[in-house]
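The values are calculated or read from the model by the stated rules, or taken from the named source; none is laboratory data. None of the values given here were measured: they were computed from a predicted structure. When we count neighbours, we look across all protein chains shown, and the Cβ atoms used for this are built from the backbone with ideal geometry, even at glycine. Calculation scope for accessible area: heavy atoms of the full protein, side chains included, ligands and nucleic acids excluded. Shrake-Rupley method; radii C 1.70, N 1.55, O 1.52, S 1.80 Å.
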Amino acid sequence: MRVPRPLHHLTHHSDEELDDSLELRSVFLRPGEASELPKYKMPAGPSLPETAYQIVHDEAMLDGNARLNLATFVSTWMDDEAKKLYVEAADKNMIDKDEYPATAAIEDRTWRMIADLWNVPDPQDTIGTSTIGSSEACMLGGLALKRHWQAKRKAEGKSIEKPNLVLSTAVQVCWEKFCNYFEVEPRWVPISEEHLVLDGYELEKYVDENTIGVVAIMGQTYTGMYEPVKEIAAKLDQIQADTGLDVKIHVDGASGAMVAPFCQPDLEWDFRVERVVSINTSGHKYGLVYPGVGWVVWRNTERLPESMIFHCSYLGGDMPTLALNFSRPGAQVLLQYYQFLRLGREGYRQVQQESLDVAQFLSSEIGKLDGFELISRGDTIPVFAWRLTPGHTKNWDLNDLSDRLRMKGWLVPAYPMADDMADLTVQRIVVRSGLSLDLAKKLLRDLKGEVEFLDSLDAPMPHAAEPTQQFAH
Ligand SMILES: *Cc1c(COP(=O)(O)O)cnc(C)c1O
C-alpha cells in the first residue's frame with residue numbers, strides 16, 4: 001500500500017523513480033550523493049537530511065586539518081563540556097536581551113572580569129561589551145576616539161574636517177578598514193629593521209591637532225612582537241609637554257591582552273598606563289573560545305561618548321547597547337564565561353605558558369638551523385617569525401618551504417613583511433593550545449627534512465605561477 005510521503009522524503013530529482021526502500025539505501029547511493037547537485041543554484045526540491053548532511057560534511061572534509069594549521073590565531077580546540085554548552089546555546093541571539101536575560105547578565109559579568117584583568121582604575125565607572133571579534137571591537141574603539149575628538153573640537157569652535165589616526169604600517173587589516181569605512185586619515189608610521197614595531201620613535205612627526213589617537217598593538221600579527229605601550233605613552237607625554245596636544249592610546253590586544261595578564265603580569269601595557277583609554281581583544285584567539293567573540297572595554301564612561309550608545313527597552317528597564325551588529329550568536333559569550341570559570345587565572349596562565357614554552361622550543365630549534373634567522377622568539381605571545389639568512393641559497397625561498405610543508409599537512413605561511421619592508425619574506429608559526437610538544441617535534445622533523453631536501457637541489461625550484469598569497473593577518 002502506498003502512503004503519502006512526508007516532504008523530506010522527496011528528492012529534487014523529479015525524474016528519479018522513488019521507491020519505498022529509498023531510505024534503506026546506503027547514503028552514498030542515494031540521489032544527490034550518487035549524482036550531482038547544482039552548485040550555484042538552489043536545488044529545485046528538498047533532499048533527505050542525511051543526504052544533505054553527507055554532502056556538506058564531505059565537502060567540508062576537504063578543508064585543512066585545523067590542528068595542523070599554524071597560520072591562524074583562532075581557537076581550534078575546546079573541551080567536551082564547552083562543546084556541549086555550545087550545542088545547547090546555539091540558538092541564543094546575543095541582541096535578544098529580553099528573551100535571554102541570563103545570557104545578557106553573563107555578558108556583563110564577563111566584560112567586567114576582563115576589565116579587572118586589564119586593571120581598570122574604577123570598576124564602578126567603566127563600560128565594555130562583547131562583539132563578534134576584535135575587528136568590530138576595534139571599530140568601536142576607533143569610533144569612540146573619533147567622537148571624543150569631534151566633541152572637544154566642536155566645543156573649541158575648531159574644524160572637525162580632517163581627523164587622523166596614528167598607527168604602524170604593521171597593524172592588522174581591520175585598522176585599514178576602520179580608516180576607510182569611518183573616514184579617518186591613517187598616519188602610517190613605517191617599520192624598519194631598527195624599529196620593527198611602533199615604539200614612539202619620531203612620533204612627533206605624525207601627531208597633530210587632528211589626531212584622534214594612537215593605536216598600539218599587543219601582538220603584531222607579522223611577528224608576534226609587542227609594541228611598548230609605556231614608551232609610546234612616555235613619548236606622548238613629551239609631545240603634550242612640548243605642544244599641549246593630549247593624545248590618547250587605544251591598545252589592540254587581539255591576542256596579547258589575553259596572554260600578558262597571565263604570563264607577563266609586570267609588563268605595564270593596560271589601564272595602568274594612563275594614556276590608555278580603551279582596549280580590545282579576541283575572545284576567539286588566546287581567550288580560548290571558538291570563533292565569534294571579541295571584547296572592548298573603556299577606561300571610564302567618559303571615554304565612550306553617549307552618542308554611540310543605543311537605549312533599548314529591557315524588561316521594562318533601560319538596556320544600553322553599542323555594537324555594529326544587531327543579531328549575533330550568544331553561545332560564544334557563554335563559552336567565554338565557561339572558560340573563565342573552568343580555568344581561572346591560574347588555568348589561563350598554565351595554558352598560555354604551555355603555548356609559550358612550545359613556541360620558544362620551536363623558535364630556538366629553528367633558529368639553530370643553518371640558513372634561518374629569527375625575527376622574534378615567541379616570548380610575547382606564542383608567535384614567532386624567521387627569515388632566510390641573506391645569501392643562504394638562490395635555489396629556494398620560504399614560499400617553497402611553505403609549499404613543501406603543506407604537502408605534509410602543515411600550514412606554515414610565508415608572506416612579505418608590512419609595507420616598508422615588503423621585500424623581506426618571513427615565515428611565521430602561531431602556537432595555540434592543542435599544539436603539544438609532541439606534535440611540535442613532529443613538525444620540526446618535517447621542517448628539517450624539507451629544508452634538507454631544498455638545500456640538496458642543484459638548480460632553482462621551478463615556480464609554476466606566482467606564489468599563492470597567504471594571509472599575514
Ligand atoms: C586578529 C587580529 C585582529 C582582528 O581580530 P578578529 O577577531 O579576527 O576580528 C585585529 N588586530 C590584531 C592585532 C589581530 O591579531
Confirm whether residue 266 is among the acidic types (Asp, Glu), part of a helix (DSSP H, G or I) and either more than 16 Å from the ligand (Cβ to nearest atom) or in contact (Cβ under 8 Å) with a residue 40 or more places away in the chain (or both). no
Flag if residue 72 is out of contact with any helix residue (DSSP H, G or I) (no Cβ under 7 Å at 6 or more places or on another chain), at pLDDT 90 or above, crowded, with 16+ Cβ neighbours inside 10 Å and of a type in the set (Ser, Thr, Tyr): yes
Answer yes or no: is there a residue in region 241-248 that is within 16 Å of the ligand (Cβ to nearest atom) and in contact with a strand residue (DSSP E or B) (Cβ under 7 Å, 6 or more places away or on another chain). no
So, residue 216, is that one within 13 Å of the ligand (Cβ to nearest atom), among the hydrophobic types (A, V, I, L, M, F, W, C) and touching a residue at least 12 places away in the same chain (Cβ under 8 Å) or not? yes
What are the residues in region 111-131 that are buried (at least 20 other Cβ atoms within 10 Å of the Cβ) and more than 16 Å from the ligand (Cβ to nearest atom), if any? 115, 117, 120, 126, 127
Sole residue being more than 30 Å from residue 263 (Cβ to Cβ) and more than 14 Å from the ligand (Cβ to nearest atom), chosen from 159, 192: 159
Only residues in region 169-181 that are polar (S, T, N, Q) count as the first member; pair them with residues that are open to solvent by 40 Å² or more (accessible area, probe 1.4 Å) and more than 9 Å from the ligand (Cβ to nearest atom), Cβ under 7 angstrom, at least 6 apart or cross-chain, and list the lot. 169/188; 169/190; 169/419; 169/420
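Here's the yes/no breakdown for (1) under 18 Å from residue 122 (Cα atoms); (2) open to solvent by 20 Å² or more (accessible area, probe 1.4 Å); (3) in the same structural domain as residue 219 (by TED's automatic domain parsing):
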site	(1), (2), (3)
251	no, no, yes
258	no, no, yes
263	no, yes, yes
270	yes, no, yes
274	yes, yes, yes
278	yes, no, yes
281	no, no, yes
284	no, yes, yes
Checked region 397-423 for anything over 19 Å from residue 461 (Cα atoms), surrounded by fewer than 21 Cβ atoms within 10 Å (Cβ to Cβ) and aliphatic (A, V, I, L, M); matches are 411, 421, 422
Just to be sure, is residue 354 open to solvent by 60 Å² or more (accessible area, probe 1.4 Å) and in a strand (DSSP E or B)? no
